[in-house]
Structures are given as structure tokens and as C-alpha cells.
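Below is one structure, written out as C-alpha cells, with a few remarks after it.
Since every read-out is calculated from the coordinates, none of them should be taken as a lab result. Please read these numbers as outputs of a predicted model, since none were measured by experiment. Note: ideal-geometry Cβ built from the backbone for every residue, glycine included; neighbour counts use all protein chains shown.
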Amino acid sequence: MIHVICVEINRVNKESFVGGEDERILSSKKLQKLGWKFRTVEECLRDSVQSYKAAGILK
């Protein structure tokens, strides 16, 4: 999906990631009670890429 939004980023496959040892169950119920709202994946990825570019982490 990120490749569609930011075509200049190389594709990453699932073999590039390693599983974590600490697999906790998390919940957003408390955050939602405080007014936190979910954002779309596209919005999050777009904002992340812009942030990385602004910080000089991503060209």
C-alpha cells in the first residue's frame, strides 16, 4: 500500500521483518474514551513519509 502512495520507496516483503518476543495484547479503549480517533492507513503512511522527509531520514 505504501508503494501506491509513495512510489519512490522500495517494496518491502514480509520476510524483511522479524517477530517480537514480547507479544502483549493491547487495547485502545482508554484512548477512545479520551477522544482519540482512528486514522486511515493511507493518512498515517502519508504523514509518516512526509515527516521522515522533513527530518532528512528519507530522500
Label model pair W36, K53: point-to-point distance (7 angstrom along the Cα→beta-carbon line) in nm is 2.8
Note down the nm distance, to one decimal, between modelled labels 7 Å out along Cα→Cβ at I5 and at R46. 0.8
